[in-house]
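Below is one structure; the comments refer to it alone.
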Amino acid sequence: MAGSLWHRFPTLLIARRNLTRTRLRSLLAMLGIVIGVLAIASLGVFGSTLQTSVTGSLGDIGNQLVVSPSGQNNVTYLTDQDVRDITRVAGDASVIPVRQGVATLDVHGTSQRVTVYGMERPAGAYNASEGRIPDPLRSGALVGATLADNQNLQAGDSIAVDGKTYRVRAVLESQQAFSPINPDGAVILPLRDVEGTGYSSVVVTADTGPAANETAIAIRAALNEREKRVTIFEFGNIVQQIRSVFNAVNLFLIGIGSISLVVAGVSILNVMLMSAIERREEIGVLRAVGYQRTDVLRIMLAEALLLGVIGGGIGAVLSVAGGLVINQFIVGDWSAVFTVGNLFYILVALAFGVVTSVLSGLYPAYKSANERPVDALRK
Amino acid sequence: MGASEADEGAADGDATAGGGSWTGPVLEARDVVKRYETGGETIEALKGVSLAAHPGEFIAVMGPSGSGKSTLLNLLGLLDEPTEGAVYLDGEDTSTLTERARTTARKQTIGFVFQNFYLIPTLSALENVEIPRLLDHDPDREDRAAELLERVGLGERLTHKPGELSGGQKQRVAIARALINDPRVLLADEPTGNLDQETGASVLEDFAAICREGVAVIAVTHDEMVTEHTDRTVTLIDGLVRSDEPSAGRRRADGHDPGPRGPGDGR
C-alpha cells in the first residue's frame, strides 16, 4: 500500500531513494530541522503555558470593575446618587457599594487593627468556604480567609469589632485575584455598622470581560461627563496588559528558536550542495536520457521537502510531548497543552521548518537543474 | 473528444517518424564546427564534420584523443550545440529546438551508453534500467526493464546492485537502460574502454544485434577491435574526417553484407 503510494509520486520516490543513499548525512540535516522546529514550538508552548498559569488566576476577575472617587473636584466619596447612576447603566451586572474603614478587632482576648468593609449585599461578589452569606447582610460579620486562618476563626464564633460583638456568619473563600478590595485579611460588616459618609468604592461584577468593559465605558459616560467624579479600576485591562507582555515574551522566545531554524536551513543548504556536487554526473545522465530541467529541479526540491516534512513532523511530535511535560509541571494538568494557541505555535513551527528546508534546497536544485549535461559528463 | 484524439495521433506520427515518408538518415551532422573558449584561447574541436547514420547502421568513430570524436558524439546526442553547421534528426534541423524540446527529442530518439556506465550504485540493476522512464506513469515499465535485462543476458541479476556486477555486466545494464525508451539511435562512448577483450567483444555483439532491429549505433572509440563489428568506420583527426569507409574487418554475425553506403542513398 505504502509502496504503491510512493510509486504514484515517482519524484518523491526518487527523492527518498536519494536521501537514503547518504543516510547519516540526511539524518543530521533532518536533525537540524527537528531541533529548530522543536525550539520554536516548545518555546511557544512554554510561553503560552506560563501565560495560562499566570492569567488563569486573573481570568476570573476580568469581569470585575472597582469604581472609586476620583479625588478631584472635592469628590472623596461616592454618594447614593452615584450608586443609582452606576446601577442604572450597569444593566445586569451586580453593583455592590462598599464603605471601607479601619477598626479594632478583638478575638479570644487578643486585639488587632483590621480593615473593615461595609457592604449590603456581599453575596453578589464573594463565596463562603464555611457557613452561609446572608443576602442582604443585616447582622453578623463575614471573615476573610487569611484572617480566619490566623485567628483560628470559624462560622459561629463571636468577635468584637470596635467593642461591638458580632457573630461570624461565614468565612470567605480565599481570593486568588489581585484587587484594591481584598477581603482576605478583612472583616465584612453590614453597611450601616461601618462609620463614614457615602461609599469609598463600588464593585461592579459583570457576566463577562467584554461586558465589564462596556459597563466601564457606560459608567464613565454617565458620571464623568461634566467633571471627573470617578476612576475605574478595570481588571480586564490588567489581564490584557499581562497578556500582551507575555505575547512579547513569547515572540522573543520564538525569535530565539528561529535562529536555530536558520542554522538548520544552512545545514540543509550545505547537504544539498554536497549531494548536488557528488551527483553531478548522475544528474548529467538523467538529463541526457530525457529528464527535463524541471524534473531535476522537482526531484531536488522534493528531497528538501522530505527533509523538512519528516524533520518538522518529528520536531512537532517531540514538542507536543515536551508540552505535556511542561503543562504537567506548571499548570498541573497535562491536557492543558491541547489549546488552539499551542496548536498554532506547533503548526507555525512546522510550517517554518518546511519552508526553511525548501528555501535552502532552492539554490542547489536550481544549480543542478541548469547545468548543461555535456559539462556534467565531461571527464 | 474522440476526434481530437485522432488528430493528436496523426500529429504524433508526423513528429516522431519525421513522417513515415522520411527515408534518409535518422541522425545527421552537416558541416558541424565546434569552438570552445578556454582561458582566452579558442580551441576548434571540430572543423567541419559531416556524418549520417541510417537506421540499422553500426558506425565506429575512431581517432586519437583530442581528435574531436567525443565532441561529435555530444553534438549528435543533442547534448551540445554546434558553433556552425547543424544536426538533423529525421531530416529536421535541431538547432531551432528549445532546451525542453531537445530534451524530449533525446528521450524519444537517442539512447546513451557511457564509458563509465554511470549506474546509480544504490539501485538494483532493474531499477537502474527503469530510471529513464521513472517519471512516466507506465505500468509496464518494470516488465520491460526485466525483459531488456534478460535480453542482454542478465535475467538472473535483476536485483543485484552495480557493485555486485562485473564490468561487462555493468555495461550491459547500461545498454538495457539505453534501450528502455526504444531509441532509434544508440550512442556509445568508448563502450569497450573499461572491458577486457572477450567481454568487449560480446558487448559489441549485443550492439550488432540491436542494429539488426533497425537501430543506428554510433560508437566512439579508439579500440581497433570495435571496427570488426561495425559497418562503417569514420576516422577523425584534428577535427576533420580523415576517412569514411566500410569497416575493414567487418564480419557481421548474420553474415549479411550491407554494402557501402553514404548519406542520402535512402535505405
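The values are calculated or read from the model by the stated rules, or taken from the named source; none is laboratory data. All of these numbers come straight from a predicted model, not from anything done at the bench. Counting neighbours? That spans all protein chains shown, and the Cβs are built from the backbone with ideal geometry, glycine included. Keep in mind that these areas ignore ligands, DNA and RNA; they rest on the heavy atoms of the full protein, side chains included. Shrake-Rupley method; radii C 1.70, N 1.55, O 1.52, S 1.80 Å.
Mind listing which GluC sites (Glu not before Pro) in the range B:149-215 are in a DSSP loop and have 12 or fewer other Cβ atoms within 10 Å? Don't skip to the answer; put the middle values down first.
Working: sites: B:E150, B:E156, B:E164, B:E198, B:E205, B:E213; in loops: B:E156, B:E213.
When the GluC sites (Glu not before Pro) of the range B:149-215 are filtered for loop state and at most 12 Cβ neighbours within 10 Å, B:E156, B:E213 remain.
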Seminar exercise, completed: Between the modelled labels at A:E195 and B:T42 (7 Å from Cα along Cα→Cβ) the distance in nm is 11.5
Exercise. Along the three principal axes, how long is chain A when you take its alpha carbons, biggest first, rounded to the nearest angstrom?
Worked result: 108, 49, 34
Exercise. Taking the Cβ of A:D135 as the center, what net charge do the other residues with Cβ under 13 Å away carry, scoring Lys and Arg +1 and Asp and Glu -1?
Worked result: +3
For this session: At 0.36 nm per residue, minus the direct Cα-Cα distance, what do A:L24 and A:T146 gain on full extension? Give it in nm, one decimal, please.
Result: 37.7 nm
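Sorting check: for B:56-66, A:205-215, A:77-87, which peptide has the highest mean count of neighbouring beta carbons within 10 Å, and how do the rest follow? Write down the numbers at each step before the final one.
On the way: B:56-66: 20.5, A:205-215: 18.0, A:77-87: 16.5.
Per-residue mean Cβ counts within 10 Å order the peptides as B:56-66, A:205-215, A:77-87.
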For this session: In nm, give the distance between the simple-model label positions of A:I217 and A:L273, each being 7 Å from the Cα along the Cα-to-Cβ direction.
Result: 5.6
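For chain A, calculate the relative contact order in percent as a whole number, restricting contacts to Cα pairs under 8 Å that are 6 or more residues apart. Walk me through the numbers on the way to the answer.
Values: 680 pairs, mean separation 110.0, N = 379.
Relative contact order here is 29 percent.
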For this session: Would you mind working out the magnitude of the charge dipole of chain A relative to its Cα centre, with +1 at each Lys and Arg C-beta and -1 at each Asp and Glu C-beta, to the nearest 20 Debye?
Result: 2200
For this session: Calculate I(q)/I(0) for the range A:256-379 by the Debye formula, one identical point scatterer on each C-alpha and no solvent, and give its log10 at q = 0.16, 0.19, 0.21 Å⁻¹ to two decimals.
Result: -0.77, -0.95, -1.06
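Given a Förster radius of 30 Å and the C-beta distance between A:F9 and A:L251 as r, what FRET efficiency does 1/(1 + (r/R0)^6) yield to the nearest 0.05?
0.20
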Exercise. Give me the log10 of I(q) over I(0) for the range A:64-235 at q = 0.10, 0.16 Å⁻¹, as the Debye formula computes it from C-alpha points; what are the numbers?
Worked result: -0.38, -0.90
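Find how much the distance from A:Q240 to A:D106 grows on full extension, using 0.36 nm per residue of separation minus their present alpha carbon separation; answer in nm with one decimal. Walk me through the numbers before you get to the answer.
On the way: separation 134, 0.36 × 134 = 48.24 nm, distance 4.11 nm.
The span from A:Q240 to A:D106 would gain 44.1 nm if fully extended.
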Seminar exercise, completed: Between the modelled labels at A:R88 and B:N116 (7 Å from Cα along Cα→Cβ) the distance in nm is 9.4
For this session: Identify which of A:N18, A:N74, A:N250 has the largest mean-square fluctuation in a Gaussian network model of chain A, with springs joining Cα atoms closer than 10 Å.
Result: A:N74
Exercise. Where does the charge balance sit around B:D182 when Lys and Arg score +1, Asp and Glu -1, over other residues with C-beta under 11 Å from its C-beta?
Worked result: +3
Exercise. Looking only at other chains, what is the average number of their beta-carbon atoms within 10 angstrom of each beta-carbon in B:125-134?
Worked result: 3
Exercise. Given H placed on each backbone N at 1.01 Å, which residues far from A:Q100 in sequence or on other chains put an amide H within less than 5 Å of it?
Worked result: A:G118, A:S200, A:S201
For this session: Determine which lysines satisfy two conditions relative to B:K170: a Cα distance under 18 Å, and not lying fewer than 8 residues away in the same chain.
Result: B:K161
Problem set entry | Computed FRET value (nearest 0.05) for A:I259 with A:N370, which takes r as the C-beta separation and R₀ as 35 Å | 0.65
For this session: Anything losing 40 Å² or more of accessible area from the isolated chain to the full protein assembly: pick those residues out of the range A:271-289, probe 1.4 Å, ligands and DNA/RNA ignored.
Result: A:V285, A:R287, A:A288, A:V289
For this session: Post the alpha-carbon centroid distance, the range B:77-91 to the range A:234-302, in whole angstrom.
Result: 42
Exercise. Expressed as a rounded percentage, what relative contact order does the range A:166-280 have, with Cα pairs under 8 Å and six or more residues apart?
Worked result: 13
Problem set entry | Shape call, the range B:48-119: gyration tensor on alpha carbons, a/c limit 1.5 | rounded
For this session: Divide by every residue of chain A the summed helix terms, -39500 (n - 2.57) for each DSSP H run of at least 4, and state the resulting mean residue ellipticity at 222 nm, rounded to the nearest 500 deg cm²/dmol.
Result: -19500 deg cm²/dmol
For this session: Return the whole-Å distance between the Cα centroid of the range A:151-217 and the Cα centroid of the range B:125-152.
Result: 86
For this session: Report, as an integer, the average count of C-beta atoms from other chains found within 10 Å of each Cβ along B:75-82.
Result: 3
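Give the carbon-plus-sulfur fraction of the accessible surface of chain A in %, rounded to a whole number; probe 1.4 Å, heavy atoms of protein chains only.
On the way: 10760 of 18390 Å².
Carbon and sulfur: 58 percent of the exposed surface of chain A.
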Problem set entry | For A:A206, net neighbour charge (Lys/Arg +1, Asp/Glu -1) across residues whose Cβ lies under 10 Å away | -3
For this session: Working from the alpha-carbon coordinates of the protein assembly as shown, get Rg over Rh, Rh being the Kirkwood radius.
Result: 1.36
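What quantity of accessible surface, computed with a 1.4 Å probe and excluding non-protein components, is buried in total between chains A and B, in Å² to the nearest 100? Mind dumping the intermediate values first?
Details: alone 19660 and 12930 Å², together 30070 Å².
Counting protein atoms only, the buried area is about 2500 Å².
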Exercise. Taking θ as phi - 60°, what are the ³J(HN,Hα) couplings along the range A:114-128 by the Karplus curve (6.51, -1.76, 1.60), each to the nearest whole Hz, with x for Gly and Pro?
Worked result: 9, 7, 10, 10, x, 9, 7, 10, x, 4, x, 10, 10, 10, 8
